[in-house]
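The values are calculated or read from the model by the stated rules, or taken from the named source; none is laboratory data. Predicted, not measured: the structure shown is a model, and the values here were computed from it. Every residue, glycine among them, receives a Cβ derived from its backbone with ideal geometry; neighbour counts consider all protein chains shown. Note: areas computed on protein heavy atoms with side chains; ligands, DNA, RNA excluded. Shrake-Rupley method; radii C 1.70, N 1.55, O 1.52, S 1.80 Å.
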Amino acid sequence: MKRIAVLTTGGDAPGMNPAIRAVVRYAVNSKLAVMGVFRGWWGLINEEMKLLDHRSVSGIINQGGTILKTARCPEFETEEGRRRAHDNVRKNSIEGLVVIGGNGSFRAAHVFGKEYNVPCIGIPASIDNDINGIDVTIGSDTAVNTALAAIDNIRDTATSMERIFVVEVMGRNSGYIALTVALSAGCEDVIIPERKFDLQEVCHDIVNGNLRGKMSWIIIVAEGAGSATTIAEQITEMTGLETRAVVLGHVQRGGRPTAFSRELALGLGRAAVDCLLNGESDKAVGLYCSKIVTVDLETAVAEKKLNVDKMCDLIKKLT
């Protein structure tokens, strides 16, 4: 193997840049040429790429986002789109791909690798921590800490003003961020896609708490489970108590990656290159029980089960 390519696809996550840095520098030191593909699969289809060297990734280890950019690419879901991508892989003598992204990126890599016999190794980078078979993805720790810092600030004003706050965090299909920050911030309740939610019961708890002298309340809602604005309005209508909505939004995707996200990215970047050098394909590298392991991409994209009931029960018992 003489030349590989690296690309970032899907939603960005803090720590993608350290992962790119690790892939490029470790590959170059292993006598491999590295092509950087811009805007994910779109760049592979449209041949938007350039050769990267040691200096190309200088000064990015502390930066959020991705220097290679990222984009959604419906064209890659078509046979014609994948054929064009493969034509560019052959044209540029690319012998393996390192795909940095989440489960949608891994599904695409699995299909492309099997269809054209192109070795593909995935590095899990997703704020939702939704890759099956591993413990944690690059960026999820940073996103949780970003949301946690905001909620800690909200707690100050909720207590001072004696108000109810409904805080919406990211998580279209996964309640990972919502559950983690709700527990870590000492919030009173959480609304997630994986679990049915009874707003009447919550309002009953709020009113009873208010009668006991508990004047502030914070509820975390994952975006895939409902709208903070709508839920706040309903709580006000049902309880008569002043309720505010806060939507944290894309602030959770940005910011400097935490030390943990950086260290994980650097270790997985090296592991991904080693996989290609060892002739492996259709795998994801990840951290499991404090060790770097490989997981079949087909397994990695299966639904990841969270211990939802246990975490929700703990949140309620610590209220």
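Computed with a 1.4 Å probe over protein heavy atoms only, the accessible area of D198 comes to about 80 Å². Compared with the dominant Cα axis of the chain, that is its longest principal axis, helix 228-239 is turned about 10°.
Quick check on the stretch 1-148: take the gyration tensor over C-alpha atoms, sort the square-rooted eigenvalues as a ≥ b ≥ c, and tell me if it's rounded (a/c under 1.5), prolate or oblate. Judged from the Cα gyration tensor, the stretch 1-148 comes out oblate (a/c at least 1.5, b/c at or above a/b).
Between A158, L314, A108, whose Cα lies farthest towards the positive end of the dipole of the chain when Lys and Arg beta carbons carry +1 and Asp and Glu beta carbons carry -1, centred on the Cα centre? Towards the positive end, the residue furthest out is A108.
Taking the convex hull of the Cα atoms, report for the chain its projected area averaged over all directions, in nm². Quarter of the Cα hull surface area: 16.3 nm². Our analysis of the stretch 187-230 gives Rg over Rh at 1.00, with the two radii drawn from alpha carbon positions and Rh computed by the Kirkwood formula.
Take the Cα radius of gyration of the stretch 75-157 and divide it by 2.2 N^0.38 Å, with N its residue count; two decimals is plenty.
Details: Rg = 17.7 Å, N = 83, 2.2 N^0.38 = 11.8 Å.
For the stretch 75-157, the normalised Cα radius of gyration comes out at 1.50.
What fraction, in whole percent, of alpha-carbon pairs in the stretch 162-240 exceed 18 Å separation? Beyond 18 Å sits 36 percent of the P(r) for the stretch 162-240. Shape index of the stretch 239-290: Rg/Rh, with Rg the Cα radius of gyration and Rh the Kirkwood radius from the inverse mean 1/r over Cα pairs, equals 1.32. Is any residue of the stretch 164-197 close enough, with backbone N under 18 Å, to a label point placed 7 angstrom from the Cα of T230 along the Cα-Cβ axis, and if so, which? Residues 166-175, 190-197 fall inside that zone.
Amide H contacts of Y288 (H built 1.01 Å from N, in plane; Pro and chain starts excluded): D135, V293 sit under 5 Å, all sequence-distant by 5 or more or on other chains. Over the stretch 194-319, how many pairs of lysines fall under 21 Å by alpha carbon, counting only those 8 or more apart in sequence or from different chains? Count of close lysine pairs: 13.
Close amide-amide hydrogen proximity is noted between K283 and C120, G122, L297, each under 5 Å apart and 5 or more residues distant or on a separate chain (H modeled in the peptide plane; Pro and chain starts excluded). Rank G101, G254, G65 by mean-square fluctuation in a GNM of the chain with C-alpha springs under 10 angstrom and give only the top-ranked residue. Largest GNM mean-square fluctuation: G254.
The length gained by stretching the chain between D156 and L183 to full extension, at 0.36 nm per residue less their Cα-Cα distance, is 8.0 nm. Its Cα gyration tensor gives the stretch 273-317 an equivalent ellipsoid, and the semi-axes of that ellipsoid, as √(5λ) in whole Å with the largest first, are 33, 12, 5.
What do the square roots of 5 times the Cα gyration tensor eigenvalues come to for the stretch 126-189, in whole Å, largest first, as semi-axes of the equivalent ellipsoid? Let's see the in-between values first.
Numbers: eigenvalues 126, 23, 15 Å².
Result for the stretch 126-189: semi-axes of 25, 11, 9 Å.
Rg and Dmax over the alpha-carbon atoms of the stretch 171-315 stand at 19.9, 66 Å.
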